[in-house]
Amino acid sequence: MTTIGNFFTPQKTVKKGEAQLSVFYTNDMHGDINRLAKLKTAKDTFEKQNKDNATLTLTAGDCFYGKDKKRIGLISKVMNWMKFDALTLGNHEFTPGSKGLAENLKQLDATAVSANLEIGEDCALNESVADKKLVKSAVFMKGGHKFAVIGASPFDAEVGITEDAKSGVRVKDVDKTIAAINEEAKNLEKQGINKIILLSHLGYGEHADLRVARETEGIDIIVGGHSHAVVDGVNEKDNGGDHKLNLVKSKRGENVVITQAGKLNEYAGFLDVVFDENGVVKADSVKNKLAKVNEFAEDKAVNKLMVETLGEKQHLAKVTNGYDPECEFEERYTENPVHNALADAILKKGKSQGVQAVLFATNTVKGGANCEITNYNLKYEMLPYNSKYVAAEMSEKDVVALLNATSAKVFGEVDPPLLRCAGMKYTIEQGKGQTPVTELQLTDEKGNVTATIDTKNPSDKKVKVAFDTYLFAVDYSKDILAKYKESAQEVGEQQEIMTSYLEEKGTVDFSKPQDKRITIKYNDLESFCPQYPMADKVKTLNA
């Protein structure tokens, strides 16, 4: 049973002419199924405790993850059961491409809002716009008052990580995004609507939501996402930890409340505000709290639907010395047993085709594993994209070029394109410009060096490399790999390869590996990776 009690109880201090609103909010659900049944119970509890007042149920993007239609269908149905009013489009909504996104929006009862998209004439999303499934803003009548919700998609992340996803849609940059939000807010105010919420997938911080709050007019609340920040309470200054600055003044000098609820349904947000007679949030009448979703009971109907949709949960392998990354910095930059195990599995699968080495993008694999790996863990947590792998006879020159192109973007990047590997090890150094790869060696199955490649003067000698087809599409690698696209041989898909590997082994040790497959030499943590606040906790940077 939950210990939440009357967690979602609204305020009772509304005066004549004022308007009170209670908001149940989430962000960056990332298709999570582990806490989905509990999230439904949290929403039911919210409804019971707010049945007599105005409410909105909102989610700030990245509801979906990957392309698995069964999983997306499951999340959509549960969101409909929970009666979400609106969502904005995060970067992960675009993973299936514009056509796939348009099809996914048809399954949702909620309205998708995004005011900063540039949609081309031939883009499949025009159908969603015509059907009013995708709009710049939506207006809701609640408790005798009109509340508007504007959306903003992320300008710092490439919308569309596959070739089909890029067709016909772009996100405006930060300046144009702010202008678009201002324009939509002014249009709403002309209609007499002065209580406006921004559903933002721009991220928390001075470069995103805080800047937007200060440079816009008419926005009262920002429910954010993208940066996975945990923002609790109401704070006029940064009080550290979860108590971040989240009450600032707009360009007009009015109060703006900003909040965000982490990721993966860890929290359910409750924001209760009172607007004065002019539609301005009263700073002394704001309640912002985060409920731990794990403290709620599971909804039986959701659990039943999960099994009906995804099948029964099946054991794949036992995990000794489990791995659970402390933060995204650790997951993406440091030596990672999950990535190494997958790389080894691909190398083993490709051995019959003569594969000597494996390279794949670090952002195609997520999280860790403890105690046990099931088919649910594999498909819906660790390998949600189910990337495809191919093998090609690459010249040493192109292997070095590929590693330089990706490694040059590692330092200071929000989403580092670090390539994980097997059958090789390499070193990159900060301060080397566009050629940061200083050492490159081929290795055997035990990690022993079998050959050294001259990174300054690589030869035309061939190396058979297996890599994910994602690298055919992204800007930093597509030109280098274009010549291999037609001749590349299929190796297999992530989930199938890893499933076979785990079932064969039976038990995997996910203690921190000491392979030192990738060594990163950096100047200091601040210049290396300033965007992750927990970076200073990570001492070892041999990825």
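The values are calculated or read from the model by the stated rules, or taken from the named source; none is laboratory data. Bear in mind the structure is a predicted one, so any value in this text is a computation, not a measurement. When we count neighbours, we look across all protein chains shown, and the Cβ atoms used for this are built from the backbone with ideal geometry, even at glycine. Quick note on the areas: whole protein, heavy atoms, side chains included, nothing else; ligands and nucleic acids left out. Shrake-Rupley method; radii C 1.70, N 1.55, O 1.52, S 1.80 Å.
For the range 298-417, please list each of the helices (runs of 4 or more DSSP H) lying entirely inside it that holds at least 1 residues being open to solvent by 10 Å² or more (accessible area, probe 1.4 Å) and modelled with pLDDT of 95 or more. Step through it out loud before you land on a result.
Values: elements: 300-310, 328-333, 337-350, 396-407.
Hits in the range 298-417: 300-310, 337-350, 396-407.
When you scan the range 480-488, do you find a residue that is within 19 Å of S395 (Cα to Cα), open to solvent by 10 Å² or more (accessible area, probe 1.4 Å), modelled with pLDDT of 95 or more and among the β-branched types (V, I, T), even just one? Yes, there is a match, as at least one residue in the range 480-488 is within 19 Å of S395 (Cα to Cα), open to solvent by 10 Å² or more (accessible area, probe 1.4 Å), modelled with pLDDT of 95 or more and among the β-branched types (V, I, T).
Where residues in the range 268-297 are part of a helix (DSSP H, G or I) and touching an Asp or Glu at 6+ places or on another chain (Cβ under 9 Å), which of them is surrounded by the most Cβ atoms within 10 Å (Cβ to Cβ)? Can you show your working first?
Just the residues of the range 268-297 that are part of a helix (DSSP H, G or I), to begin with: 293-295.
Applying the additional criterion that residues be touching an Asp or Glu at 6+ places or on another chain (Cβ under 9 Å) yields 293-294.
Values: V293: 26, N294: 13.
Ranking the qualifying residues of the range 268-297, first place goes to V293.
Each residue in the range 249-264 was checked for being open to solvent by less than 10 Å² (accessible area, probe 1.4 Å) and at pLDDT below 95, and 1 pass. For the range 75-117, give me each residue that is open to solvent by less than 20 Å² (accessible area, probe 1.4 Å) and in a strand (DSSP E or B). A86, L87, T88, A112, V113, listed by residue number.
Whether a residue is among the hydrophobic types (A, V, I, L, M, F, W, C) and modelled with pLDDT under 95 was assessed, and A124 passes this test. Criterion applied to D460, D509 was being modelled with pLDDT of 95 or more, touching a strand residue (DSSP E or B) at 6+ places or on another chain (Cβ under 7 Å) and open to solvent by 50 Å² or more (accessible area, probe 1.4 Å), and the one residue passing it is D460. Is there any pair linking a residue in the range 121-132 that is of a type in the set (A, V, I, L, M, F, W, C) to one that is in a loop (DSSP other than H, G, I, E, B), with Cβ under 8 Å and at least six apart or on different chains, and which? Final answer for the pair search is C123/S167; C123/G168; A124/G168; L125/G168.
Being open to solvent by less than 10 Å² (accessible area, probe 1.4 Å) and not small (G, A, S) is the requirement here; does T55 meet it? No; evaluated as a whole, the condition is false for this residue.
Filtering the range 428-444 down to residues that are modelled with pLDDT under 95 and under 19 Å from V358 (Cα atoms), which residue is nearest to the chain's Cα centre (by Cα)? Reasoning before the result, please.
Of the residues in the range 428-444, the ones modelled with pLDDT under 95 are 428-436, 444.
Still in the running and under 19 Å from V358 (Cα atoms): 428, 444.
Numbers: I428: 26, D444: 35 Å.
Step by step, filter the range 428-444, then rank; the result is I428.
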